[in-house]
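Contents: one structure, followed by commentary.
The values are calculated or read from the model by the stated rules, or taken from the named source; none is laboratory data. Computed from a prediction, not measured in an experiment: that's the story for all the values here. When we count neighbours, we look across all protein chains shown, and the Cβ atoms used for this are built from the backbone with ideal geometry, even at glycine.
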Amino acid sequence: MKNRLIFLVGPPAIYMLVFFLLPLGIMAVYSLRAGGVGTGFESFTLINYQKYLANSSFHRLLWRSLLIAFGIGVISVILAYPLAYYLAFKAGTKRVTLLTLILVPTWTSYLLRIFSWKIILGTNGLLNTFLLWLGVIDKASPILLYSRMAVMVTLVYVWVPFVALPIFAALERIDRSLLEAAADLGCKPWLAFMRVTLPLSLPGVFAGFFFAMIPTVGEFVTPLLVGGGQGAMYGNLIQDQFTRALNWSMGSVMSIAMLLVVFILILILSRVAGKARLLDF
């Protein structure tokens, strides 16, 4: 029994140690290092943390990125829930085919999909062509490109299929006899949804929300390609510290700060959502 437990737990534990805890440890060491790239590890200091705490622009960008990530998570859930509901209750034998069609775009390159939205939102893109055809605008212009709205639209498009999956899984596990019982007791469809379907699907909703929100906080590729200066996020600042400024110490401090803030936010939201529901999921 003991050997079997070690065999089952060992590989995941090693994976977490090598690809999660070890990189975090290295990042923590770099955050305490004095000097820039090329210096040794002879001296350690908290000066990098002091500089970070004294720089209010870092805090503002982190707060803005958290708000954007929260908004993207909420919008993704709102758009994904009807999709998952239709697949679970209305699609019937077509659900597998429709689910496959939803996931097909995710099989292509992430950068290719981002560049596609860059073309759509660009001066000669589909959006401008459509607005010109309607007569809403007189000449083509990059209306949404290189803005915070472009970042949000693109990331919502990216995350909706992934958010729909846990919601669909939660809806699939709902015992249909509960809905039949509600109908037999005279409960209207919309009331049965509010009192039976929605509460039982909340674990999937929260899982999908976190699935979209957490990686969005540190996102830097999408803001870089479609956001420009107006749509820059906290992840872009971390990337600049590691690549352009070559200040790995400050980049590590910023990464740790983001990790701590996201962890605290998850704890708060988990408590609000109900720890029992999340653990049951």
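Considering segment 106-118, and only residues there that are touching a residue at least 12 places away in the same chain (Cβ under 8 Å) and closer than 18 Å to Met152 by Cβ, the residue that is surrounded by the most Cβ atoms within 10 Å (Cβ to Cβ) turns out to be Trp117. If you check Phe211, Phe220 for being under 26 Å from Thr100 (Cβ atoms), out of contact with any Leu (no Cβ under 7 Å at 6 or more places or on another chain) and surrounded by fewer than 22 Cβ atoms within 10 Å (Cβ to Cβ), only one passes: Phe211. With respect to Ser57, determine if the residue is of a type in the set (Gly, Ala, Ser) and over 23 Å from Pro203 (Cβ atoms). So Ser57 fits the description; yes. Residues in segment 99-137 that are closer than 27 Å to Tyr86 by Cα and assigned to a loop (DSSP other than H, G, I, E, B): Thr108 only.
Using the structure shown, decide if Lys90 is closer than 21 Å to Thr197 by Cα and either at pLDDT below 90 or within 15 Å of the chain's Cα centre (by Cα) (or both). Answer is yes for this residue.
Whenever a residue of segment 194-218 is more than 24 Å from Tyr157 (Cβ to Cβ), its partners that are β-branched (Val, Ile, Thr) and at pLDDT below 90, lying with C-beta atoms within less than 7 angstrom and at least six residues away or across chains, give the pairs Thr197/Ile174; Leu200/Ile174.
Listed here are the residues, each with its yes/no results for (1) touching a residue at least 12 places away in the same chain (Cβ under 8 Å); (2) buried (at least 18 other Cβ atoms within 10 Å of the Cβ); (3) under 26 Å from the mean Cα position of the chain (by Cα); (4) under 30 Å from Val262 (Cα atoms).
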{"site": "Val74", "(1), (2), (3), (4)": "yes, no, yes, yes"}
{"site": "Ile78", "(1), (2), (3), (4)": "no, no, yes, yes"}
{"site": "Tyr81", "(1), (2), (3), (4)": "yes, yes, yes, yes"}
{"site": "Ile120", "(1), (2), (3), (4)": "no, yes, yes, no"}
{"site": "Asn128", "(1), (2), (3), (4)": "yes, yes, no, no"}
{"site": "Leu132", "(1), (2), (3), (4)": "no, no, no, no"}
{"site": "Thr154", "(1), (2), (3), (4)": "yes, yes, yes, yes"}
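For segment 162-169, the condition holds for at least one residue, the condition being that it is touching a residue at least 40 places away in the same chain (Cβ under 8 Å), closer than 30 Å to Gly92 by Cα, surrounded by fewer than 18 Cβ atoms within 10 Å (Cβ to Cβ) and under 20 Å from the mean Cα position of the chain (by Cα). Screening Tyr146 against (1) modelled with pLDDT of 80 or more; (2) of a type outside the set (A, V, I, L, M, F, W, C); (3) part of a helix (DSSP H, G or I) leaves a single unmet condition, (3).
Given the structure, is Gly73 at pLDDT below 90 and either at positive phi or touching a Ser or Thr at 6+ places or on another chain (Cβ under 8 Å) (or both)?
Values: at pLDDT below 90: no; either at positive phi or touching a Ser or Thr at 6+ places or on another chain (Cβ under 8 Å) (or both): yes.
Considered against the rule, which asks whether it is at pLDDT below 90 and either at positive phi or touching a Ser or Thr at 6+ places or on another chain (Cβ under 8 Å) (or both), Gly73 comes out as no.
Kindly provide the set of residues from segment 45-97 that are of a type in the set (A, V, I, L, M, F, W, C), part of a helix (DSSP H, G or I) and closer than 14 Å to Leu171 by Cβ, ordered by number. Steps first, answer last, please.
First, pick out the residues of segment 45-97 that are of a type in the set (A, V, I, L, M, F, W, C): 46-47, 53-54, 58, 61-63, 66-70, 72, 74-75, 77-80, 83-84, 87-89, 91, 96.
Keeping just the survivors that are part of a helix (DSSP H, G or I) gives 47, 53-54, 58, 61-63, 66-70, 72, 74-75, 77-80, 83-84, 87-89, 96.
Answer for segment 45-97, where residues must be of a type in the set (A, V, I, L, M, F, W, C), part of a helix (DSSP H, G or I) and closer than 14 Å to Leu171 by Cβ: Val77, Ala80, Leu83, Ala84, Leu87, Ala88, Phe89.
Would you confirm whether any residue within segment 244-254 is at pLDDT below 90, in a helix (DSSP H, G or I) and surrounded by fewer than 16 Cβ atoms within 10 Å (Cβ to Cβ)? Checked against the condition, which is being at pLDDT below 90, in a helix (DSSP H, G or I) and surrounded by fewer than 16 Cβ atoms within 10 Å (Cβ to Cβ), segment 244-254 yields no hits at all. Taken over segment 91-100, residues that are surrounded by 11 or more Cβ atoms within 10 Å (Cβ to Cβ) and either touching a Gly at 6+ places or on another chain (Cβ under 9 Å) or within 19 Å of Val163 (Cβ to Cβ) (or both) amount to 4.
Within this structure, Leu265 fails the test of being outside any helix (DSSP H, G or I) and either among the charged types (D, E, K, R) or at pLDDT below 90 (or both).
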